[in-house]
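Working notes, beginning with the structure itself.
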Amino acid sequence: MSFKRQLAHHTWSEVAALDKADGVVILPIGAMEQHGHHLPLLTDTLIVNRMLEAALAALPDEVAAWTLPTLPYGKSNEHTGFPGTISLGAQTLVAVLHDIARSLNDAGFRRLALLNGHGGNAALLEMMAREIRAATGQLCFCLQPALFLDPPFPISAEERCLGFHGGELETSLLLTIAPELVEMDKAVRHYADYPGAGGGGSPLFFFGAAASAWLSRDWSVSGIFGDATLGTAEKGDALIAAGGQGLADLLRVISTFKTTH
Ligand SMILES: [Zn+2]
């Protein structure tokens, strides 16, 4: 490798000397929050770390990309009431992202990619990417979990619609990333009985154009949304291979991206 991918492994003088005209700094953002009875609280953080590891391994040496240590907490207040969930307030996360971005800008970096591992962070990160762009002048990109949770194998329509937390996909990923932390005998199948689920006549849904500000406990006793019993390590491997390559391709494009003015 022509240079170290972990920015924190450099010395300050090495960072000063880096050629930053091209290149991107990646800030992975995870969560510590409930994922049912069978997955660890750190699930989203473990997934985003593993996806980034796969992406960096697939990235050619000539692509300048450096990763920051992962932020292991996010905005997880949709899981309020499930013990062990640690949630940063929206204002806290905004402030942390501002401070990190400003520090990178001061060091001379020109591109920052926010790599999100947790759906509950999505809206805030999208907002912050533009705040950072406008406030610091550096280009800022917002990469969401949908990038690496698009399964390269068939899943049911029900799972695709309602399997968004601790279901088939996240369980599969944890079975390959950290099988020692998964208790499959406690895995459950739960599809929330939401009025709009499956086009059931209501214009409202969890996400989309007309969404409610849902809390997990309103719709799931276990905290699971989806069918966790369908998880396998083989599916997890396939997700990592597809997600890692997709992310690597994206980082290559981002590392030299320029605006017209
Ligand atoms: Zn998750």
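Every residue, every condition in (1) open to solvent by less than 70 Å² (accessible area, probe 1.4 Å); (2) over 15 Å from L162 (Cα atoms), yes or no:
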| site | (1), (2) |
| --- | --- |
| P195 | no, no |
| G208 | yes, no |
| W214 | yes, no |
| G226 | yes, no |
| A238 | yes, yes |
| L247 | yes, yes |
| R252 | no, yes |
May I ask you to verify whether P69 is in a loop (DSSP other than H, G, I, E, B) and within 18 Å of Q144 (Cα to Cα)?
-> yes
With the first residue restricted to segment 219-235 and required to be over 21 Å from H79 (Cα atoms), and the second required to be basic (K, R) and part of a helix (DSSP H, G or I), Cβ contacts under 9 Å at 6 or more apart or on different chains are none
Set K20, K4: member being open to solvent by 50 Å² or more (accessible area, probe 1.4 Å) and either more than 22 Å from L124 (Cα to Cα) or assigned to a helix (DSSP H, G or I) (or both) = K4
Would you call H9 open to solvent by 50 Å² or more (accessible area, probe 1.4 Å), farther than 24 Å from L93 by Cα and in contact with a helix residue (DSSP H, G or I) (Cβ under 6 Å, 6 or more places away or on another chain)?
-> no
Quick check: is even one residue across segment 119-140 under 9 Å from the mean Cα position of the chain (by Cα), at pLDDT 95 or above and in a strand (DSSP E or B)?
-> no
Of the residues that make up segment 81-90, is at least one open to solvent by less than 20 Å² (accessible area, probe 1.4 Å), more than 16 Å from the ligand (Cβ to nearest atom) and in a helix (DSSP H, G or I)?
-> no
Would you mind telling me which numbered condition in (1) within 16 Å of the ligand (Cβ to nearest atom); (2) open to solvent by less than 10 Å² (accessible area, probe 1.4 Å) F109 fails?
-> (1)
Just for segment 170-193: of the residues that are assigned to a helix (DSSP H, G or I) and within 17 Å of A31 (Cα to Cα), which one is most open to solvent (accessible area, probe 1.4 Å)?
-> L181
Exception for L93 within (1) of a type outside the set (F, W, Y); (2) within 16 Å of the ligand (Cβ to nearest atom); (3) in a helix (DSSP H, G or I) falls at (2)
All positions within segment 150-169 that are open to solvent by 50 Å² or more (accessible area, probe 1.4 Å) and either within 12 Å of the ligand (Cβ to nearest atom) or polar (S, T, N, Q) (or both) = S156, F164
Which residues, counting only those in segment 206-241, are in a loop (DSSP other than H, G, I, E, B), of a type in the set (S, T, N, Q) and touching a strand residue (DSSP E or B) at 6+ places or on another chain (Cβ under 9 Å)?
-> S212, S220, S222
Could you list, in sequence order, the residues of segment 21-70 that are among the β-branched types (V, I, T) and within 16 Å of the ligand (Cβ to nearest atom)?
-> I29, T43, T45, I47, V48, T70
Has segment 33-47 got any residue that is within 21 Å of M128 (Cα to Cα) and either modelled with pLDDT under 95 or among the aliphatic types (A, V, I, L, M) (or both)?
-> no
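The values are calculated or read from the model by the stated rules, or taken from the named source; none is laboratory data. No experiment lies behind these values; they were computed from the predicted model shown. Please note: Cβ atoms are built from the backbone with ideal geometry, for glycine as well, and neighbour counts cover all protein chains shown. Ligands, DNA and RNA are stripped out before the accessible areas are found, and what is left, the full protein with its side chains, is counted by its heavy atoms. Shrake-Rupley method; radii C 1.70, N 1.55, O 1.52, S 1.80 Å.
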